[in-house]
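Participant: Let me begin by handing over the structure; questions about it come next.
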Amino acid sequence: MPRECKGCKGPHDEFAFHPGVCKAGNRHGLWTQRHDAFQMSLHAALQRLGAHVVSCSSGSGNWFGTAGCRPDGKGYKRADIVGVNKYAVGRHLFIDTAIADPNAGAARSAVPSAAEAAGVAAELRASKKVAKYAPLAGAVSSHFMAAVVERYGACCDSLVGLLKLYTGDGERDPTVCDDWTTFATSSTTYLASRVVFTAVVADACMVERVLSIDVAGAAMASAMPAHARAYARPAGPRCAFERPSASVVEGRGGIMWYESM
Ligand SMILES: [Zn+2]
């Protein structure tokens, strides 16, 4: 008997395909947190390489100028990351990140289908982002690149190009990089493995949270202390899962693994 998705009331499947294409998939900020993990990973990895990048999705002002202002006057459009002065003074590289799902209807019905080729869903999402952001970047004499990865790790072409743009052909220097390993000696492999692994793990985390909410939701709520539930109540259920108690994080039900030994 398949478990019911508490978002759309549809059935879950045994391979966790459903949370990626659910019509209510972003309840409790599930997709947003997955996206943000990928964005932060790419931002941190580029910084690690010495690039001057800024997270511009919130709190860093309007980088697109008048072109970015919304017609209704409510705020402005933002990309996720900006490579400051990447091409020249005042000519930046804007990056917008996303995690796409090859099980989505548009990707499966595309030619070639996402069922036959890897990266189809990522390319579809990337083309939408280019249509949205490239004119905005062009209005401020800058450039835009989409950074889209699929749930299972396939990257869009422009993400591959973006990684190569920042790393070049060089090898990492083991005398300089304190996280150098023999598994990723080239800068490109290092950067790609970092961001793709983050995306895949963030997706696994999203699946774990979906199952915790839909299958073990009652147990999580009962394990949450009263003050946490009281805090969460005015802001809705999303807050309840963003601020879990220590017992929820370390041991569902409040019993730590070492306490049973
Ligand atoms: Zn659903």
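The values are calculated or read from the model by the stated rules, or taken from the named source; none is laboratory data. The shown structure was predicted, so the numbers you read here are calculated from the model rather than taken from an experiment. Positions of Cβ are generated from backbone atoms using ideal geometry, with glycine treated the same way; all protein chains shown enter the neighbour counts.
Participant: Being assigned to a loop (DSSP other than H, G, I, E, B), touching a residue at least 24 places away in the same chain (Cβ under 8 Å) and among the small types (Gly, Ala, Ser) narrows it down to one residue among Ser113, Ser158, Ser141; which is it?
Facilitator: None of the others qualify; the one that does is Ser141.
Participant: A follow-up question, please. Which ones in segment 29-59 are among the hydroxyl-bearing types (Ser, Thr, Tyr) and touching a residue at least 12 places away in the same chain (Cβ under 8 Å)?
Facilitator: Once the filter is applied, which keeps residues that are among the hydroxyl-bearing types (Ser, Thr, Tyr) and touching a residue at least 12 places away in the same chain (Cβ under 8 Å), segment 29-59 yields Ser41, Ser55, Ser57, Ser58.
Participant: Same structure again: Starting from segment 1-28, take each residue that is touching a residue at least 12 places away in the same chain (Cβ under 8 Å) and list its partners that are more than 8 Å from the ligand (Cβ to nearest atom) and polar (S, T, N, Q), counting only C-beta distances under 9 angstrom and pairs at least six apart or across chains.
Facilitator: Gly7/Asn26; Phe17/Asn103; His18/Asn103; Gly20/Asn103; Val21/Asn103
Participant: Okay, next question. Among the residues of segment 84-97, is any at pLDDT 90 or above, in a loop (DSSP other than H, G, I, E, B) and under 26 Å from Leu163 (Cβ atoms)?
Facilitator: No, there is no match, as no residue in segment 84-97 is at pLDDT 90 or above, in a loop (DSSP other than H, G, I, E, B) and under 26 Å from Leu163 (Cβ atoms).
Participant: Among the residues of segment 2-16, is there at least one that is surrounded by fewer than 17 Cβ atoms within 10 Å (Cβ to Cβ) and in a helix (DSSP H, G or I)?
Facilitator: Looking for residues that are surrounded by fewer than 17 Cβ atoms within 10 Å (Cβ to Cβ) and in a helix (DSSP H, G or I), one finds none in segment 2-16, hence no.
Participant: From the set of residues in segment 3-52 that are under 18 Å from Lys86 (Cα atoms) and not aliphatic (A, V, I, L, M), which is nearest to the ligand (Cβ to nearest atom)?
Facilitator: In this case the residue turns out to be His43.
Participant: A follow-up question, please. Report yes if Ala114 is aliphatic (A, V, I, L, M), surrounded by fewer than 22 Cβ atoms within 10 Å (Cβ to Cβ) and assigned by TED's automatic domain parsing to the domain that holds Ala139, otherwise no.
Facilitator: No, not satisfied.
Participant: Still on this model: Report yes if some residue within segment 146-154 is in contact with a helix residue (DSSP H, G or I) (Cβ under 9 Å, 6 or more places away or on another chain) and in a helix (DSSP H, G or I); otherwise report no.
Facilitator: No, segment 146-154 has no match at all.
Participant: Next question, about the same structure. I'd like to check something: does segment 53-62 contain any residue that is away from the ligand (no atom under 16 Å from the Cβ), in a helix (DSSP H, G or I) and in the same structural domain as Gly168 (by TED's automatic domain parsing)?
Facilitator: The answer is no, given that none of the residues of segment 53-62 is away from the ligand (no atom under 16 Å from the Cβ), in a helix (DSSP H, G or I) and in the same structural domain as Gly168 (by TED's automatic domain parsing).
Participant: Applying the selection to segment 63-78, what residues are more than 21 Å from Gln39 (Cβ to Cβ) and outside any loop (DSSP other than H, G, I, E, B)?
Facilitator: Scanning segment 63-78 gives Gly65, Thr66, Ala67, Cys69.
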